[in-house]
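The values are calculated or read from the model by the stated rules, or taken from the named source; none is laboratory data. The shown structure was predicted, so the numbers you read here are calculated from the model rather than taken from an experiment. Cβ sites come from the backbone with ideal geometry, for glycine too, and all protein chains shown count toward neighbours. These area figures cover heavy atoms from the full protein model, side chains too; ligands, DNA and RNA do not enter into them. Shrake-Rupley method; radii C 1.70, N 1.55, O 1.52, S 1.80 Å.
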Amino acid sequence: MASASATKTAWAVSGYMLCSATLLIGNKYAVHKVAAPSFILWAQLFGTAVAVKSAHLLGLISQLDEIEPTKVRAFMPVALIFCATIFTNLKSLEYANVETFMIFRFSTPLCVSVCDYLFLGRHLPSSRSWLSLLALLVGAVGYGTTDSAFVVKGYLFCGLWYFIFCCDQVYLKHVTSTVKMESNWGRVLYSNLLASIPLFFMMGSEVETIRNATPEALMVVMVTVVLGTAMSYYAWLARSLVSATLFTILGNVCKVVSIGINVSLWDKHASPFGIACLLFSLGAAYFYKQAPLREKQSELPTVNK
């Protein structure tokens, strides 16, 4: 039984990390073909919701939750936090360079681990795990100071992003633990459909660009929709199986892999020291051990399919 659970967790984590790294490449190419990032993101969210519902109607997905008011209320904060995270992310990058923002992000597991203890019923990390989290941050600081100085001109948006991002990690884990769903696809449907609604109204300035997009460019966007659907499924599945802190670390590892891909394919400026810092961060993440629950919690009768 434990072996089956470990296999399922490994499958979910591997799928999430593979889709995340692949989607980065797809998004970068999509934005190059269609300079409308809000439209691309909306297409991924709404397209995922349509794809999941269509697959259910065609019998490809056996179980899918119907749209119910109680579940909408539970998932509405997910959509609002998602949009708030995107907004504050973009505003933060106006005042802080990418390397500095990366350092802020890599410090989030330290905060989320405390939230895991305060709100989600887990123990605090072991000494080894605390060292792992600190080493992960040290690696990010080392990389961030390689090519650019630590630059922050506006602490407000960086602080807001930090707070909202940590809330996102904790609340989404809370949703997987407390909201009864018939299948994991139900989480995918609710989160993407609800988040696509406010994103629709953020595309106003991109209408002309969308109209001028070529069929080839729109096909690239469609490919990212497929990747986004897969990533959303694996992300929710992984969230349901691991702690909020471990999922946050996995996101940071995906960021390291993404930077590595970016360095290999596009940016050739990274120094050997910077690459060594990235590898150090990957090694530090490996030694993190998920904190156990303080007491056995009753599991919801949820089917993760």
(request) Using a 10 angstrom cutoff on alpha carbons, build the Gaussian network for the chain and name the most mobile of Arg211, Arg73, Arg122. (result) Arg211
(request) Determine the gain in length on full extension of the stretch Leu58-Phe163; use 0.36 nm per residue of separation and subtract their C-alpha separation, reporting nm with one decimal. (result) 33.7 nm
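Quickly rank 134-140, 66-72, 33-39 as a protection proxy: mean count of other C-beta atoms within 10 Å, highest first.
Working: 134-140: 20.4, 66-72: 11.4, 33-39: 18.9.
Taking the mean over residues of other Cβ atoms within 10 Å, the ranking is 134-140, 33-39, 66-72.
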(message) Using DSSP H assignments, which helices in the chain have an axial alpha-carbon span of 20 Å or above and a mean Kyte-Doolittle hydropathy of -0.5 or higher?
(response) 2-33, 37-57, 69-95, 127-147, 155-178, 184-200, 215-241, 244-265, 272-286
(request) Divide by every residue of the chain the summed helix terms, -39500 (n - 2.57) for each DSSP H run of at least 4, and state the resulting mean residue ellipticity at 222 nm, rounded to the nearest 500 deg cm²/dmol. (result) -26000 deg cm²/dmol
(message) I'd like the FRET efficiency for Leu134 and Ala4, computed as 1/(1 + (r/R0)^6) with the beta carbon distance as r and R0 of 35 Å, rounded to 0.05.
(response) 0.55
(request) Please calculate how many Å² of accessible area segment 65-197 carries per residue, with a 1.4 Å probe and no DNA, RNA or ligand atoms counted. (result) 44
(message) Between Asn212 and Ile261, what is the label-point separation in nm under the 7 Å Cα-to-beta-carbon projection?
(response) 2.9
(message) Along the charge dipole of segment 163-249, pointing to its positive end and built from +1/-1 on Cβ of Lys, Arg, Asp and Glu, which listed residue (Cys166, Asn212, Pro198) has its Cα farthest out?
(response) Cys166
(request) Tell me the label-point distance for the pair Lys180, Met202, using the 7 Å Cα-to-Cβ offset, in nm and rounded to one decimal. (result) 3.4
(request) Give me the distance in nm between label points sitting 7 Å out from Cα along the Cα-to-Cβ direction at Ile275 and Val50, one decimal. (result) 4.2
(request) Pairs of Cα atoms under 8 Å, at least six residues apart: use those to get the relative contact order of segment 1-138, whole percent. (result) 10
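Quick one: order Thr176, Thr146 from most to least accessible surface, probe 1.4 Å.
Thr146, Thr176
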(request) Express the carbon and sulfur contribution to the solvent-accessible surface of segment 1-111 as a percent, rounded to the nearest whole number, probe 1.4 angstrom. (result) 72
